[in-house]
1. Among 231, 213, which is the only one that is more than 15 Å from residue 172 (Cβ to Cβ), modelled with pLDDT under 85 and over 23 Å from the mean Cα position of the chain (by Cα)?
2. Answer yes or no as to whether residue 14 is crowded, with 19+ Cβ neighbours inside 10 Å, farther than 30 Å from residue 89 by Cα and touching a residue at least 60 places away in the same chain (Cβ under 8 Å).
3. Can you name the residue in the stretch 173-186 that is over 17 Å from residue 215 (Cβ atoms) and touching a helix residue (DSSP H, G or I) at 6+ places or on another chain (Cβ under 7 Å) and, of all such residues, is modelled with the lowest pLDDT?
4. Please give the number of the condition residue 330 fails out of (1) in contact with a strand residue (DSSP E or B) (Cβ under 8 Å, 6 or more places away or on another chain); (2) under 30 Å from residue 372 (Cα atoms); (3) surrounded by 13 or more Cβ atoms within 10 Å (Cβ to Cβ); (4) at pLDDT 90 or above.
5. Working only within the stretch 67-81, note down all residues that are touching a helix residue (DSSP H, G or I) at 6+ places or on another chain (Cβ under 7 Å) and buried (at least 17 other Cβ atoms within 10 Å of the Cβ).
6. Looking at (1) under 21 Å from residue 146 (Cβ atoms); (2) in contact (Cβ under 8 Å) with a residue 60 or more places away in the chain, which is the one condition that is false for residue 31?
7. Out of curiosity, is residue 350 modelled with pLDDT of 90 or more, assigned to a helix (DSSP H, G or I) and surrounded by 13 or more Cβ atoms within 10 Å (Cβ to Cβ)?
8. Of all the residues that make up the stretch 157-176, how many are within 17 Å of residue 14 (Cβ to Cβ) and under 19 Å from the mean Cα position of the chain (by Cα)?
């Protein structure tokens with residue numbers, strides 16, 4: 001915006017300055033030429049007046065007498081063409097314009113190197129022609145300097161206009177840039193970002209409205225966090241009762257482990273809900289290690305349901321930009337879908353690969369009935385009576401790393417889910 005405003009002012013100022021400077025320069029040239037011609041005409045008229053008076057007093061104008069009159073009335077270097085063709089003064093060839101002047105008409109005519117001014121004088125012996133010479137240098141004396149001065153003045157005006165426009169652009173752009181920066185900070189999770197309303201009234205009003213919106217958004221998010229924390233806290237009562245019951249059961253160690261794990265996830269949910277900003281620190285997890293651990297956890301249930309399991313997980317490490325809990329929750333979601341939406345005895349597979357150094361791929365597939373359609377990954381789009389959040393949670397985890405989640409049909413029947421992770 002600042003650059004465009006400066007370019008606009010540059011174009012407009014250049015046109016305005018050009019519209020004044022060019023005609024003014026032409027006018028200066030015309031005035032200089034007119035002044036030089038007028039000087040030549042005054043000299044010729046002075047000599048012609050002296051000759052006219054001399055002709056009235058003495059009908060016989062000898063060359064000596066004419067020379068005396070020229071020396072007295074003019075500059076002494078003005079040639080006079082006599083009626084018989086002789087020239088009094090500096091030797092000069094008669095041009096075609098001299099013949100026209102003998103007809104009794106004063107005129108100016110262009111000649112090589114300047115302009116000749118011719119004034120006729122009637123005498124008893126015939127018509128004399130007084131000639132003065134105006135050099136081309138005299139016709140344009142000072143014009144080049146005037147053009148330089150006018151050009152410099154125009155350039156100064158243009159630069160001053162552009163500098164003023166640039167300062168105005170800064171005054172306009174700076175508050176808009178601050179507003180955009182604050183918006184990006186809020187998008188990054190900093191709900192305390194605010195701007196100092198500044199600039200023109202419209203932009204200042206936009207800044208004040210942004211601050212009001214940010215404050216309202218902070219209040220809404222805080223209320224949402226508290227509601228989520230309260231809801232998560234309510235889960236602790238049934239979990240406590242469930243743990244007491246599991247402790248009273250013989251061989252309930254596995255159930256106790258599941259209850260403890262669920263309790264830790266509830267605690268993490270409460271802590272995350274009350275946290276005002278995303279947790280600081282590195283987010284890095286080994287996909288191979290986490291996938292192997294979660295596959296081993298679900299394999300116990302798979303053995304109870306007679307499900308064949310194929311694992312293809314390298315030793316690793318293959319790093320992704322998620323925490324262990326986030327990555328484990330996404331993998332659990334995919335495996336839970338297998339157990340929920342396929343009958344016991346259905347085989348499934350878990351595979352981890354690195355298609356290239358910048359990406360990692362987790363694939364979970366089963367030999368069940370497959371997806372009714374590939375839109376089931378949309379949030380709340382489940383058609384199997386569940387919440388419809390599982391696949392969306394896994395997809396958002398993948399997109400957080402710069403990757404994505406895709407659904408496909410397994411060759412030979414079944415479903416395939418691929419989580420592609422961005423650079424780790």
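1. On the way: 213 fails: modelled with pLDDT under 85.
Step by step, each of 231, 213 is checked, and only 231 is more than 15 Å from residue 172 (Cβ to Cβ), modelled with pLDDT under 85 and over 23 Å from the mean Cα position of the chain (by Cα).
2. Details: crowded, with 19+ Cβ neighbours inside 10 Å: no; farther than 30 Å from residue 89 by Cα: yes; touching a residue at least 60 places away in the same chain (Cβ under 8 Å): yes.
Spelling it out, it is not the case that residue 14 is crowded, with 19+ Cβ neighbours inside 10 Å, farther than 30 Å from residue 89 by Cα and touching a residue at least 60 places away in the same chain (Cβ under 8 Å).
3. Among them, the one singled out is 173.
4. If we test residue 330 against (1) in contact with a strand residue (DSSP E or B) (Cβ under 8 Å, 6 or more places away or on another chain); (2) under 30 Å from residue 372 (Cα atoms); (3) surrounded by 13 or more Cβ atoms within 10 Å (Cβ to Cβ); (4) at pLDDT 90 or above, just (4) comes out false.
5. Of the stretch 67-81, the ones touching a helix residue (DSSP H, G or I) at 6+ places or on another chain (Cβ under 7 Å) are 69-70, 72-76, 78, 80-81.
69, 70, 73, 74, 78, 80, 81, listed by residue number.
6. Residue 31 satisfies all of (1) under 21 Å from residue 146 (Cβ atoms); (2) in contact (Cβ under 8 Å) with a residue 60 or more places away in the chain except (2).
7. On the way: modelled with pLDDT of 90 or more: yes; assigned to a helix (DSSP H, G or I): no; surrounded by 13 or more Cβ atoms within 10 Å (Cβ to Cβ): yes.
No.
8. Going through the stretch 157-176, the residues within 17 Å of residue 14 (Cβ to Cβ) turn out to be 157-166.
This time we only want the ones that are under 19 Å from the mean Cα position of the chain (by Cα), so: 162, 165-166.
Qualifying residue count, the stretch 157-176: 3.
The values are calculated or read from the model by the stated rules, or taken from the named source; none is laboratory data. Values in this document were obtained by computation on a predicted structure and should not be read as measured data. No Cβ is skipped: glycine too gets one built from the backbone with ideal geometry, and neighbour counts run over all protein chains shown.
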